[in-house]
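All remarks here apply to the structure that follows.
The values are calculated or read from the model by the stated rules, or taken from the named source; none is laboratory data. For clarity, every value in this text was computed on a predicted model and none was experimentally measured. Methodologically, a virtual Cβ is constructed for each residue, glycine included, from the backbone with ideal geometry; neighbour enumeration extends over all protein chains shown. Ligands, DNA and RNA are stripped out before the accessible areas are found, and what is left, the full protein with its side chains, is counted by its heavy atoms. Shrake-Rupley method; radii C 1.70, N 1.55, O 1.52, S 1.80 Å.
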Amino acid sequence: MIAFLIGVVMAGSIVLRTDAHISGPTVELGEIAEFQGVDATTSQRLAELTIGPAPAPGSIRGVRRSDAAAALRGAGIDILILGAPLCRARAEIETLTAREVEEAARKSLAVLFAGRDVEVDLSRPISDLAMPAAERRRELKVDLGRREPQPGSWNVPVDVLVDGVRVYTTWVTLDVDLFEQQPIAVRDLRRGELLDAACWKLERTRVEAAAPRAATAETLLGATSTRELVAGMRITEVDVRRDPLVRIGDLVELEVVRGAIRARSRGVARTQGALGDRVEIQCGEGQRRLVGVVVQRGLVRVELAESPRIKQ
């Protein structure tokens, strides 16, 4: 004989209240009803039974006896339901301040721009928000996806989670200014002029998202200007050109350095480079290949590690 368990019959009764205040994102039976004639364990189980979503802040949700009965049947519980035919459920409200929301948005950008020199300003004011009160905890989370840390206007989505359930998303608009140490011309520069360290200085400069990238100290080494630049102008990658001082196949002079010892020889360039670049040179009868740094046209310096001294 096979028996089918269709429910658990419980002693006691559930008494539906006329009015109730709801915390958290859902209506639970313990918030809208009282329990009579049941033990503590059963009372806890009944109290945690979810009836449905909580009413929105400022609104009322009517919960009927039939709603409670349907939830009980779904849980396999059969118990007498008494009390009001309908309970008017109102959400408990707490205020989420504009300051909390703004701080969450700012922290997300601080993580994204970590180690960078940025200034962040609120673009548009935001207001306090009325939120359902949490039973356990309220969290603010921000997901910026795969966005790159670029300057400009940022619309940051701040999700509000109440007891682990997202109940609201508010957007915070922040203006991000990014600054970098960039090369600035200290005097007027002519087109085709060879640049040296006295021509420019590094200065904290605001980065424009759509502007050409700034030149670096490495790209300025041995470079010539491609156009006229006025003193105070930012020097970008398109403003300079680095011509190779060593080309593939060139016969170059090698300055080989090991500690205090310096020697000269000749070799053939297998790669090309401008001032300060590393190039590969083939030299000697065994066609040995060395890597050195271009120090001037046709001259490459090779630094060799010193051999360890034998201790007596």
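Listed by first and then second residue, the pairs linking a residue in region 259-279 that is at negative phi to a residue that is of a type in the set (Ser, Thr, Tyr), with Cβ atoms under 6 Å apart and 6 or more places separating them unless they lie on different chains, are Val279/Thr271. Entry remark, region 9-47: residues being within 13 Å of Ile79 (Cβ to Cβ), open to solvent by 30 Å² or more (accessible area, probe 1.4 Å), modelled with pLDDT of 90 or more and part of a strand (DSSP E or B) number 4 in total. Got a number for residues in region 44-70 being under 9 Å from Ala89 (Cα atoms) and of a type in the set (Gly, Ala, Ser)? Residues flagged as under 9 Å from Ala89 (Cα atoms) and of a type in the set (Gly, Ala, Ser) within region 44-70 amount to 3. Looking only at region 143-150, decide whether some residue is assigned to a strand (DSSP E or B), within 27 Å of Pro57 (Cα to Cα) and open to solvent by 70 Å² or more (accessible area, probe 1.4 Å). No: zero hits.
Entry remark, region 156-196: residues being of a type outside the set (A, V, I, L, M, F, W, C), surrounded by fewer than 18 Cβ atoms within 10 Å (Cβ to Cβ) and in a strand (DSSP E or B) number 10 in total. Scanning region 250-261 for residues that are at pLDDT 90 or above and open to solvent by 40 Å² or more (accessible area, probe 1.4 Å) yields Asp250, Leu251, Glu253.
Restricting the first member to region 227-255 and to residues that are under 18 Å from Ala274 (Cβ atoms), and the second to residues that are of a type outside the set (Lys, Arg) and open to solvent by 60 Å² or more (accessible area, probe 1.4 Å), the beta-carbon pairs closer than 7 Å and six or more apart or on different chains are Thr236/Pro212; Glu237/Pro212; Val238/Pro212; Pro244/Gln272; Leu245/Gln296; Val246/Gln272; Arg247/Gln272; Ile248/Gln272. Is at least one residue of region 89-104 modelled with pLDDT of 90 or more, closer than 30 Å to Arg204 by Cβ, open to solvent by 70 Å² or more (accessible area, probe 1.4 Å) and outside any loop (DSSP other than H, G, I, E, B)? Yes; the residues of region 89-104 include at least one that is modelled with pLDDT of 90 or more, closer than 30 Å to Arg204 by Cβ, open to solvent by 70 Å² or more (accessible area, probe 1.4 Å) and outside any loop (DSSP other than H, G, I, E, B). For region 197-229, give me each residue that is among the hydroxyl-bearing types (Ser, Thr, Tyr) and either open to solvent by 80 Å² or more (accessible area, probe 1.4 Å) or assigned to a strand (DSSP E or B) (or both). The answer is Thr205, Thr224, Ser225. Candidates are the residues of region 57-88 that are in a helix (DSSP H, G or I) and of a type in the set (A, V, I, L, M); the one that is most open to solvent (accessible area, probe 1.4 Å) is Ala70.
Each residue in region 292-302 was checked for being open to solvent by 40 Å² or more (accessible area, probe 1.4 Å) and over 19 Å from Ala260 (Cα atoms), and 2 of them qualify. Of the residues in region 124-134, how many are crowded, with 16+ Cβ neighbours inside 10 Å, in a loop (DSSP other than H, G, I, E, B) and more than 23 Å from the chain's Cα centre (by Cα)? Of the residues in that region, 2 qualify. Does Gly115 count as among the small types (Gly, Ala, Ser) and either open to solvent by 30 Å² or more (accessible area, probe 1.4 Å) or not in a strand (DSSP E or B) (or both)? The answer is yes for Gly115. Among the residues that make up region 83-105, is at least one of them acidic (Asp, Glu) and free of Cβ contacts under 8 Å to residues at least 12 places away in the same chain? Looking for residues that are acidic (Asp, Glu) and free of Cβ contacts under 8 Å to residues at least 12 places away in the same chain, one finds at least one in region 83-105, hence yes. Is it fair to say Ala209 is over 30 Å from Ser153 (Cβ atoms) and in contact (Cβ under 8 Å) with a residue 40 or more places away in the chain? The answer is no for Ala209.
Hey, any hits in region 276-286 for a residue that's open to solvent by 80 Å² or more (accessible area, probe 1.4 Å) and of a type in the set (Asp, Glu)? Scanning region 276-286, I find at least one residue that is open to solvent by 80 Å² or more (accessible area, probe 1.4 Å) and of a type in the set (Asp, Glu), so the answer is yes. Confirm whether Ser108 is buried (at least 17 other Cβ atoms within 10 Å of the Cβ) and either touching a residue at least 24 places away in the same chain (Cβ under 8 Å) or under 23 Å from the mean Cα position of the chain (by Cα) (or both). Taking the combined requirement at face value, the residue satisfies it.
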